[in-house]
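The values are calculated or read from the model by the stated rules, or taken from the named source; none is laboratory data. Only a predicted model underlies this, so the values are computations on that prediction, with no experimental measurement involved. Cβ sites come from the backbone with ideal geometry, for glycine too, and all protein chains shown count toward neighbours.
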Amino acid sequence: MSGSGTSRDEVIAKLIEMGFDDSDITEAVETVGPSFNDAIEYILNGSVRNSKGKSVSWSSKCVTENGKTLGKRTLSSANSLGQMRQASLLDHFQSGNRQKRGKRNVGDDVSVSGSVVSPSIVEEQKESYPGMDCNLKAESDSLAVSCPKEVEIGSDWEVKVNSLLKKHFGHSSLKNFQKEALSAWLAHHDCLVLAATGSGKSLCFQIPALLTGKVVVVISPLISLMHDQCSKLSKHGVTACFLGSGQPDNKVEQKALRGMYSIIYVCPETVIRLIKPLQRLAESRGIALFAIDEVHCVSKWGHDFRPDYRRLSVLRENFGANNLKSLKFDIPLMALTATATIQVREDILKSLHMSKGTKFVLTSFFRPNLRFSVKHSKTSSRASYKKDFRQLIDIYTKKKKTGEKEKSAIPQDLDYQSDTSSSSSMSEESRISPNIGDGYYYDEDVGNSPMGKEMSVEFLENDSVDDWDVACGEFYGHSPHRDRDTDRSFERTDLLNKPAERLSMLQEPLEDGLTIIYVPTRKETLSIAKYLCGFGVKAAAYNASVVVATIAFGMGIDKLNVRRIIHYGWPQSLEAYYQEAGRAGRDGHLADCVLYANLSSMPTLLPSRRSEDQTKQAYRMLSDCFRYGMNTSCCRAKILVEYFGEDFSHEKCQLCDVCVDGPPEMKNLKEEANILMQVIAAYNEQSNSMDDDDGIYSGIKRQKFMDRPNLKMFVSKIREQSQKYLATDLLWWRGLARIMENKGYIREGDDRTHVQIKFLEPTTRGLEFLKSGKEQSFNAFPEADMLLAASTSKSYSTFLDWGKGWADPEIRRQRLQSMGRNRGPRKSRKLRTGKSRKSNRESHTARGRIASKLSKKK
Ligand SMILES: Nc1ncnc2c1ncn2[C@@H]1O[C@H](COP(=O)(O)OP(=O)(O)OP(=O)(O)O)[C@@H](O)[C@H]1O
Ligand SMILES: [Mg+2]
């Protein structure tokens with residue numbers, strides 16, 4: 001737009017539209033007249049070009065020693081030089097933020113949503129940025145702050161980085177993987193950084209902004225995460241803002257696109273919308289790097305697929321040296337995640353059109369301070385809560401119990417025991433204080449809520465608040481800031497070679513800290529939070545010590561002292577599980593990651609829109625997660641780390657439940673494996689020769705059976721054939737089928753993917769096992785469901801004894817009766833139809849009525 005021929009009102013209108021302050025606009029137009037470009041230049045720079053195109057300063061003090069005019073970006077630093085306009089400019093920026101944000105720290109001139117930095121900080125930044133002597137571009141692009149000089153980063157970059165690191169973040173040196181990522185970026189390479197949760201990936205993309213004075217654009221999936229990072233950066237004196245729907249200040253976007261922030265966080269949808277202005281930014285101030293954080297979201301094969309991430313190939317297409325004149329090299333892409341399988345990595349490279357020369361920076365996925373365990377729980381009722389959260393309640397209410405002798409907080413080890421419903425559950429309910437009803441909250445927290453809202457059920461249920469509100473709140477009780485460079489057992493993998501020290505780590509009680517409980521649904525967040533609140537545990541609220549959340553909560557959030565991550569219910573994948581579990585122990589100190597899951601039932605997929613392929617993949621991931629839960633013999637950390645394609649060289653973590661408790665006794669399951677193999681093979685033979693009516697399946701309606709030869713049918717066949725196995729639990733056979741599948745004796749006969757092998761087919765290896773007869777042993781560790789079955793019904797090891805006596809009709813009747821009593825409700829619940837349920841209910845109530853009449857008669 002040209003300044004000439006434009007009316008004063010039009011200029012003012014345009015400037016208002018662009019978001020400048022009224023007072024700045026008035027002053028500018030009064031000073032420079034109705035010229036759009038000059039007015040902007042005046043507002044931004046305090047200077048305007050004269051008719052010959054030379055920059056004329058409106059304030060002589062606006063010129064630096066080297067004669068360059070300071071742009072608005074650096075005006076605050078000029079304060080120390082006596083810069084006149086600085087106050088109003090700062091006011092301009094801060095005014096918008098003040099409306100949005102409440103309390104600020106004294107001297108903290110930086111707002112989370114974006115603003116200029118305090119004078120002292122800018123001084124630092126000015127020193128840090130070799131290319132920060134920014135000038136306004138003379139021509140049409142007068143809005144942008146430009147850094148025309150290509151930044152020279154010499155061989156001493158590491159020294160420079162270390163000094164920036166110390167100055168801004170207080171760390172003494174880069175970690176090796178950070179060095180590698182930065183070297184790749186310096187060599188203009190794309191880079192895929194795969195490093196454990198909490199290892200420090202953010203610095204890999206934050207440093208380039210400090211080093212060059214150019215802008216770094218970070219693509220991030222969650223508002224809460226962007227908010228957290230901007231907030232941290234502001235404390236470290238780095239200007240950062242986030243753009244998108246969550247940005248409350250509508251001026252921030254324009255400021256960002258003019259180059260006023262060193263780091264711009266943006267969600268994928270927004271970056272796609274802003275391609276053109278970002279191109280202008282790349283040509284003016286310059287864009288050092290596009291960082292795609294939590295990049296696993298790109299992949300359909302990952303656990304947290306976001307379709308818009310897939311469209312990020314636009315970055316490569318629009319920010320290359322071939323389409324931006326000022327660039328010598330394509331702007332590098334840096335993709336970062338803590339959880340990507342090999343398949344996901346390939347998908348990332350392809351989807352983002354990353355270059356062939358992309359550097360891989362990999363660190364170990366292993367987190368030596370995390371103590372993994374799996375416990376059986378139905379996770380569905382108050383009775384489960386009572387059993388599972390007793391210890392947690394004790395921990396968080398400890399202080400309140402002064403004077404009262406503390407009871408042992410450790411619940412009895414109920415692993416693999418049935419999740420009995422508790423008769424005292426009603427009395428627990430009645431302990432929930434009356435003010436904790438539908439709109440429960442903590443009085444002391446209400447005032448502290450940044451949004452001024454109490455944590456009500458309605459508030460939690462409101463989708464619009466989502467993870468933003470919860471995740472941005474600080475938890476209760478910060479751990480004292482540690483010297484993280486020296487005191488991070490996080491990196492003390494060396495302890496694995498020192499078993500004695502490792503064992504003492506195991507015996508350490510957990511330090512004070514926070515707990516996050518992940519549950520599959522919002523409804524469960526409410527019921528668990530309510531339950532915990534009833535015992536006086538600060539749960540679910542902003543300043544809570546326990547947060548009950550669904551999966552979105554906390555991704556990438558750098559909260560140091562999370563001591564426990566509890567998954568209450570099956571996660572959807574090991575990637576999601578590890579990502580969430582990784583939010584514990586970021587301070588390097590011992591932390592617990594406990595998965596409570598119903599080991600007697602298979603997990604189901606949460607509803608979501610998926611293509612056929614995605615459904616298959618989702619089942620595969622769920623299946624891996626299920627197998628992790630069923631495992632009783634392999635170190636849990638090893639399973640998790642190897643899941644991501646890393647060799648776990650340590651063999652054992654020495655902390656997880658399997659390492660500590662040891663595996664269960666190994667059993668020779670030859671006989672059971674043999675009989676299952678027999679029925680599968682017989683079925684297989686029969687289906688190959690459909691004419692043979694004399695086979696063992698002759699009594700079954702063949703067509704129906706042939707369609708679905710599933711485990712359940714094979715087990716009923718076994719029970720039918722051999723009284724010895726009559727009382728065996730399907731749960732137990734389910735475990736055996738998995739073991740046989742792992743050994744390669746059977747395989748899934750269905751095209752669809754199932755959480756657990758369902759339609760069993762023999763393999764050549766399995767048939768050979770069958771032929772080899774009785775000599776061959778079949779040693780295996782019973783898995784969790786098998787142990788559970790053994791603890792609730794007759795174990796397979798006592799089948800022989802159990803078999804004795806079945807021939808006697810009276811013994812059989814008694815046993816069947818007692819089995820009916822033990823197993824009746826569960827079985828009947830599954831089998832009953834609506835109709836039978838109704839008649840049952842009727843007969844039950846009729847029985848009840850008769851019984852009460854009789855008792856009255858008495
Ligand atoms: N070189 C370093 N020396 C010491 N501490 C560091 C270093 N680099 C980063 N850190 C610290 O590590 C912590 C975690 O950093 P960050 O949030 O970047 O982790 P992350 O790898 O992105 O984790 P996530 O996968 O959960 O997103 C931060 O508190 C940061 O200050
Ligand atoms: Mg991160």
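Please work out which one of (1) more than 16 Å from ligand 2 (Cβ to nearest atom); (2) hydroxyl-bearing (Ser, Thr, Tyr); (3) touching a Ser or Thr at 6+ places or on another chain (Cβ under 9 Å); (4) farther than 30 Å from residue 530 by Cβ is the condition residue 339 fails and give its number.
Going through (1) more than 16 Å from ligand 2 (Cβ to nearest atom); (2) hydroxyl-bearing (Ser, Thr, Tyr); (3) touching a Ser or Thr at 6+ places or on another chain (Cβ under 9 Å); (4) farther than 30 Å from residue 530 by Cβ one by one, residue 339 breaks only (1).
Suppose we filter region 748-779 for residues that are among the β-branched types (Val, Ile, Thr) and closer than 18 Å to residue 674 by Cβ; how many remain?
So the answer is 3.
I'm checking my understanding of the structure. Among residues of region 286-313 that are over 14 Å from the mean Cα position of the chain (by Cα), under 22 Å from residue 618 (Cα atoms) and not in a helix (DSSP H, G or I), which one is nearest to ligand 2 (Cβ to nearest atom)?
Among residues in region 286-313 that are over 14 Å from the mean Cα position of the chain (by Cα), under 22 Å from residue 618 (Cα atoms) and not in a helix (DSSP H, G or I), the one nearest to ligand 2 (Cβ to nearest atom) is 299.
Identify the residue in region 181-199 that is surrounded by 20 or more Cβ atoms within 10 Å (Cβ to Cβ) and more than 21 Å from residue 350 (Cα to Cα) and, among all such residues, is farthest from ligand 2 (Cβ to nearest atom).
For region 181-199, the residue satisfying everything is 182.
Of all residues in region 7-42, how many are at pLDDT below 70 and either surrounded by 19 or more Cβ atoms within 10 Å (Cβ to Cβ) or under 19 Å from residue 257 (Cα atoms) (or both)?
The number of residues fulfilling the criteria is 12.
Check residue 203 against each of (1) among the aliphatic types (A, V, I, L, M); (2) crowded, with 24+ Cβ neighbours inside 10 Å; (3) within 13 Å of ligand 1 (Cβ to nearest atom); (4) under 25 Å from the mean Cα position of the chain (by Cα) and name the one condition it does not meet.
The single condition residue 203 does not satisfy is (2).
Yes/no matrix, rows are residues, columns are (1) touching a residue at least 40 places away in the same chain (Cβ under 8 Å); (2) more than 30 Å from residue 283 (Cβ to Cβ); (3) part of a loop (DSSP other than H, G, I, E, B); (4) not β-branched (Val, Ile, Thr):
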position	(1), (2), (3), (4)
321	no, no, yes, yes
325	yes, no, yes, yes
328	yes, no, yes, yes
331	yes, no, yes, no
336	yes, no, no, yes
356	no, no, yes, yes
367	yes, yes, yes, yes
371	yes, yes, no, yes
396	yes, yes, no, yes
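Checking residue 316 against (1) within 16 Å of ligand 1 (Cβ to nearest atom); (2) part of a helix (DSSP H, G or I); (3) of a type in the set (D, E, K, R), which single condition isn't satisfied?
Only one criterion in (1) within 16 Å of ligand 1 (Cβ to nearest atom); (2) part of a helix (DSSP H, G or I); (3) of a type in the set (D, E, K, R) is unmet by residue 316, namely (1).
Quick one: which of 639, 566 is in a helix (DSSP H, G or I), away from ligand 1 (no atom under 16 Å from the Cβ) and modelled with pLDDT of 95 or more?
Sole residue among the options that is in a helix (DSSP H, G or I), away from ligand 1 (no atom under 16 Å from the Cβ) and modelled with pLDDT of 95 or more: 639.
Return only the number of the condition from (1) assigned to a loop (DSSP other than H, G, I, E, B); (2) modelled with pLDDT under 75; (3) over 24 Å from the mean Cα position of the chain (by Cα) that residue 505 does not satisfy.
Failing condition for residue 505: (1).
Could you please find all residues in region 162-190 being within 13 Å of ligand 1 (Cβ to nearest atom) and in contact with a Leu (Cβ under 6 Å, 6 or more places away or on another chain)?
164, 171, 178
Do we have residue 584 as part of a loop (DSSP other than H, G, I, E, B) and either within 16 Å of ligand 2 (Cβ to nearest atom) or surrounded by 21 or more Cβ atoms within 10 Å (Cβ to Cβ) (or both) here? So that I can check it myself, show each step before the final result.
On the way: part of a loop (DSSP other than H, G, I, E, B): yes; either within 16 Å of ligand 2 (Cβ to nearest atom) or surrounded by 21 or more Cβ atoms within 10 Å (Cβ to Cβ) (or both): yes.
The answer is yes for residue 584.
Considering only residues that are at pLDDT 65 or above, surrounded by fewer than 19 Cβ atoms within 10 Å (Cβ to Cβ) and either of a type in the set (Phe, Trp, Tyr) or assigned to a loop (DSSP other than H, G, I, E, B) (or both), which ones fall in region 690-748?
708, 722, 743, 744
Checking residue 525 against (1) in contact with a strand residue (DSSP E or B) (Cβ under 7 Å, 6 or more places away or on another chain); (2) in a loop (DSSP other than H, G, I, E, B); (3) more than 20 Å from residue 221 (Cβ to Cβ); (4) modelled with pLDDT under 95, which test does it fail?
So residue 525 meets the others, but not (2).
Any residue in region 188-197 that is at positive phi and touching a Cys at 6+ places or on another chain (Cβ under 7 Å)?
First, pick out the residues of region 188-197 that are at positive phi: 188.
Checking the rest, the ones that are also touching a Cys at 6+ places or on another chain (Cβ under 7 Å) come to none.
Checking region 188-197: not a single residue is at positive phi and touching a Cys at 6+ places or on another chain (Cβ under 7 Å).
From the residues in region 244-264 that are at pLDDT 95 or above and among the β-branched types (Val, Ile, Thr), which one is nearest to ligand 1 (Cβ to nearest atom)?
The extreme case among them is 263.
Hey, among the residues in region 356-377 that are at pLDDT 95 or above and more than 19 Å from residue 197 (Cα to Cα), which one's farthest from ligand 2 (Cβ to nearest atom)?
376
One residue is enough: does region 122-133 have a residue meeting the conditions of a type in the set (Phe, Trp, Tyr) and modelled with pLDDT under 55?
yes
Going residue by residue through region 483-497, is there one that turns out to be within 30 Å of residue 176 (Cα to Cα) and either modelled with pLDDT of 80 or more or within 16 Å of ligand 2 (Cβ to nearest atom) (or both)?
Yes, there is a match, as at least one residue in region 483-497 is within 30 Å of residue 176 (Cα to Cα) and either modelled with pLDDT of 80 or more or within 16 Å of ligand 2 (Cβ to nearest atom) (or both).
Go through region 662-686 and give me each residue that's surrounded by fewer than 16 Cβ atoms within 10 Å (Cβ to Cβ) and either at positive phi or modelled with pLDDT under 90 (or both).
662, 685, listed by residue number.
Being within 16 Å of ligand 1 (Cβ to nearest atom) and within 26 Å of residue 306 (Cβ to Cβ) narrows it down to one residue among 211, 222; which is it?
Within the list 211, 222, the selection yields 222.
Restrict the check to region 226-243 and report whether at least one residue is within 26 Å of residue 366 (Cα to Cα), more than 13 Å from ligand 2 (Cβ to nearest atom) and modelled with pLDDT of 95 or more.
No, there is no match, as no residue in region 226-243 is within 26 Å of residue 366 (Cα to Cα), more than 13 Å from ligand 2 (Cβ to nearest atom) and modelled with pLDDT of 95 or more.
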